[in-house]
Amino acid sequence: MPHRENLHELLQRVGLTVIENVCPGSLFPPEAGWRIARGIAAPHSADLSALDAPWWGRLADTDGEFLVAVRGHRIGGNDSWWTRVRCTGEGVPGLTDAPGFVALSLDGQVLLAEAPCADGTRVTALDRLPERLAEVAAVAGRETEIERAEVWAAVPGPHPWPLHWAEGIGFNPAAPDDLLIQLLDVADGFLLGCDRAAVLDAAITHPNPAVRSTIANAFRPKLTSDQWVRLVRAEPSASRRVLWAELACAWGAELPESLYDDLLAGPCRAEAADLPGLPAHLVPGLAADADPQVRATACTRWEDLPSPVRERLLADTDATVRTAALLSHHTGVPMPREVFAALPGPRRALEQCRFTPELEAELVRDGDLEERRALAANPRLGPHGVAVLAEDPAGDIRSLVALRSDLSEEQRAAVHYEFDPSARSRPLRWIHDLHGDAVAMRRLALSSHPLIRRGVARARHLPADVVERLARDEDRTVRLFLAESCEDAPAELLLEVWRWWDGSFSHPDRPRGHPNFPRTGLLRHADDPSGRMRRLVLDDPESTPDDVARLVRDPEAEVRRRAAEDLRLAPADAVRLLNDPAAEVRNAAIRNPQLPARVLADLLHDRDTASTAITNPAIPVPVLRRILAAAATAVAAQRSDSGSAAPAVPAQP
């Protein structure tokens, strides 16, 4: 394979000395430079057929240094960096022979570029760049209704990006339900965040299995129990029907008995028998099944089996069934040493079975590390075994013991467990099951173990005294979980957590989206040293467009992003923010409906911004329909070429 020239090699070959790669920081970003080089929201450039030596002289400082980005060499992807270089020779650098470049003076005043466009190569030469960009923004912001109508009448234009439009159109909040239903035939990624009942109903019965898979596998899908049932029944694949039913149970859906009957009658009976929501009265029938796998599964529901059926399973002709029955039998009846020694493998017994006092004492004293670790989490371990393992030389075993539900808080406090406050905290099921027990919550909220208190803080509702105590907890993750999960969390706590937490994947709207989060009096944070607190100013109902205009110029990107999202953003400021150093600010400005139509239409026709621009709700619905038609045609052609029937859209460049 021939060597592919990297960026530094290319720059050195054309006579430039590489000094360093430079994060845009507060600089004008390369991404905005590429957009201007393509003529989008850009000032009029000097009329040049090529970049001559005088322009290069104005670009470089007294040491011959400037910033450059070369097409095909985007350091950092979509949030690319500049490369600082020094030109030591005279005349025009060999960059004019490159596949495209953008160059910027160190003071941000001069921009030179060559970029490919539909008509060939576009040459850009600009001085007084900040001043001229401000002029462009002011002019764009004065767009009239007639001008907007003319712009939208011409969309989609002669240089469309239909596959990129297909990728993003489903995330446009202005797109009506019927358009999104049509989009299912083109792309289905938008279903991951969709909560529209009509669209979900259409996806459930969509003929393309990829669409049905997307909706079933979506993170926290917003399906009702009835929709889950219809999704399962509409699925022609027997294995997928069981899989969808399993997911439905995991998300708390209630499935009717008739559906379980249908699944058990299908070819995937063994998998259906393992569904956690299977009604208890169906379990005895599984114990007499001809398939040993089904009988073994029935053993896991031991409490739902009558004594004669249990006895039959313990004497089953299949060894796997007998072992499963034996393990379930000894969850209640202590297992003696001879039975334990005869097991094909000890692991499951160590995790779930009761043992005779003699065997238990031997296992906790003489078992190897893995055996003792399994015993430490066994909910049926006796008090003597728990006491021995609480003093085990292995710290991780003591830590498992410290989280057992059968310890008193005095016993728990006596265990020398290991605890890393920064480690990920997983929910404890036994605490979750007690969330509705106010007495238990009061007791556990006093625990010396932070993970126990964290488990309490995850409750949706808590007594007022427990909330007050946890809101002052020394462990800030306890306070975070209270802010995320508990509907009774106080406003003061939510505001305190907001200073250092902006939402998680599982709780993206907390604490700011919490119903108790303060909505008034936020203007007092206008001069707060923390940018996160200054963001809140625009949430105050007494804030004004002037506040938005001020925060547009804030030194911190997260504050500018909040201003870029505000519907009171001035059109000229929306255009200005397209040049922001931070990609998240630029993208927020692209999505703001205050962006002038001509600029937005240009962004729709630029590869780098097409999939973001299509989500802007200012695009008229008739235009969205024309765009969808173009996207559908392009995707159909792509599928025809690849022989695929599944939705296919490209990743962002």
Note down all Cβ pairs under 6 Å where the first residue falls in the stretch 524-549 and is touching a residue at least 24 places away in the same chain (Cβ under 8 Å), the second is acidic (D, E) and surrounded by fewer than 18 Cβ atoms within 10 Å (Cβ to Cβ), and they're at least six residues apart or on different chains.
G531/E556; G531/E558; R534/D528
List the residue pairs whose Cβ atoms are under 8 Å apart, where the first residue sits in the stretch 197-212 and is closer than 16 Å to S237 by Cβ and of a type outside the set (A, V, I, L, M), the second is open to solvent by 30 Å² or more (accessible area, probe 1.4 Å) and not in a loop (DSSP other than H, G, I, E, B), and the two are 6 or more positions apart or on different chains.
T205/R230; T205/A234; P209/R240; R212/A234; R212/R240
Among the residues of the stretch 164-173, is any at pLDDT 95 or above, more than 28 Å from G25 (Cβ to Cβ) and loosely packed, with under 14 Cβ neighbours inside 10 Å?
yes
Name the single residue, out of those in the stretch 476-501 being surrounded by 14 or more Cβ atoms within 10 Å (Cβ to Cβ), closer than 22 Å to H435 by Cα and acidic (D, E), that is farthest from the chain's Cα centre (by Cα).
D488
Considering only residues that are part of a helix (DSSP H, G or I) and open to solvent by less than 10 Å² (accessible area, probe 1.4 Å), look in the stretch 49-95 and name the one that is modelled with the highest pLDDT.
L59
Given (1) assigned to a helix (DSSP H, G or I); (2) modelled with pLDDT of 95 or more; (3) open to solvent by less than 50 Å² (accessible area, probe 1.4 Å), identify the lone condition not met by V635.
(2)
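Does the stretch 145-156 hold any residues that are of a type outside the set (D, E, K, R) and open to solvent by 20 Å² or more (accessible area, probe 1.4 Å), and which are they?
I146, A149, W152, A153, A154, P156
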Mind telling me which of the residues A273, A287 ends up being touching a Ser or Thr at 6+ places or on another chain (Cβ under 9 Å), open to solvent by less than 30 Å² (accessible area, probe 1.4 Å) and modelled with pLDDT of 95 or more?
A273
Out of D473, D528, report the one residue that is within 27 Å of Y417 (Cα to Cα), assigned to a loop (DSSP other than H, G, I, E, B) and open to solvent by less than 30 Å² (accessible area, probe 1.4 Å).
D473
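Table: residues versus (1) assigned to a helix (DSSP H, G or I); (2) buried (at least 22 other Cβ atoms within 10 Å of the Cβ); (3) within 27 Å of the chain's Cα centre (by Cα).
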| position | (1), (2), (3) |
| --- | --- |
| P427 | no, no, yes |
| W430 | yes, no, no |
| G436 | no, no, no |
| R443 | yes, no, no |
| L446 | no, no, no |
| R454 | yes, yes, yes |
| D465 | yes, no, no |
| R469 | yes, no, no |
Looking only at the stretch 502-513, decide whether some residue is open to solvent by less than 30 Å² (accessible area, probe 1.4 Å), in contact with a Phe, Trp or Tyr (Cβ under 8 Å, 6 or more places away or on another chain) and assigned to a helix (DSSP H, G or I).
no
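Hey, could you check the stretch 96-122 for residues that are modelled with pLDDT of 85 or more and in a loop (DSSP other than H, G, I, E, B) and say which is most open to solvent (accessible area, probe 1.4 Å)? Lay out the reasoning, then the answer.
Filtering the stretch 96-122 down to residues modelled with pLDDT of 85 or more leaves 100-115, 122.
Subsequent filtering for residues that are in a loop (DSSP other than H, G, I, E, B) retains 100, 105-110.
On the way: G100: 3, S105: 4, L106: 56, D107: 109, G108: 15, Q109: 71, V110: 13 Å².
Applying the filter and picking the extreme gives D107.
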Among the candidates R550, R576, R586, which residue alone is modelled with pLDDT of 95 or more, within 17 Å of L522 (Cα to Cα) and assigned to a helix (DSSP H, G or I)?
R550
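Inside the stretch 175-193, can you point out the residues that are surrounded by fewer than 21 Cβ atoms within 10 Å (Cβ to Cβ) and either touching an Asp or Glu at 6+ places or on another chain (Cβ under 8 Å) or in a loop (DSSP other than H, G, I, E, B) (or both)?
P176, D185, G189
Do any helices (runs of 4 or more DSSP H) entirely within the stretch 282-361 hold 3 or more residues that are over 30 Å from D261 (Cβ atoms), and if so, which? First the steps, then the outcome.
Details: elements: 283-286, 292-299, 307-314, 319-329, 337-342, 347-352.
So the answer is 337-342, 347-352.
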Regarding the stretch 28-48, can at least one residue be identified that is surrounded by 14 or more Cβ atoms within 10 Å (Cβ to Cβ), under 26 Å from L604 (Cα atoms), of a type in the set (K, R) and modelled with pLDDT under 80?
no
Taking the stated definitions as given, is V211 within 25 Å of the chain's Cα centre (by Cα), more than 18 Å from A601 (Cβ to Cβ) and in a helix (DSSP H, G or I)?
yes
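Residue check: is R562 outside any loop (DSSP other than H, G, I, E, B), open to solvent by 30 Å² or more (accessible area, probe 1.4 Å) and either in contact with a Lys or Arg (Cβ under 7 Å, 6 or more places away or on another chain) or modelled with pLDDT of 95 or more (or both)?
Numbers: outside any loop (DSSP other than H, G, I, E, B): yes; open to solvent by 30 Å² or more (accessible area, probe 1.4 Å): no; either in contact with a Lys or Arg (Cβ under 7 Å, 6 or more places away or on another chain) or modelled with pLDDT of 95 or more (or both): yes.
In short, no.
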Read through the list (1) out of contact with any Asp or Glu (no Cβ under 6 Å at 6 or more places or on another chain); (2) in contact (Cβ under 8 Å) with a residue 24 or more places away in the chain; (3) open to solvent by 20 Å² or more (accessible area, probe 1.4 Å), then give the number of the only condition that I215 fails.
(3)
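The values are calculated or read from the model by the stated rules, or taken from the named source; none is laboratory data. Bear in mind the structure is a predicted one, so any value in this text is a computation, not a measurement. Methodologically, a virtual Cβ is constructed for each residue, glycine included, from the backbone with ideal geometry; neighbour enumeration extends over all protein chains shown. The area values use the complete protein model at the heavy-atom level, side chains included, leaving out ligands, DNA and RNA. Shrake-Rupley method; radii C 1.70, N 1.55, O 1.52, S 1.80 Å.
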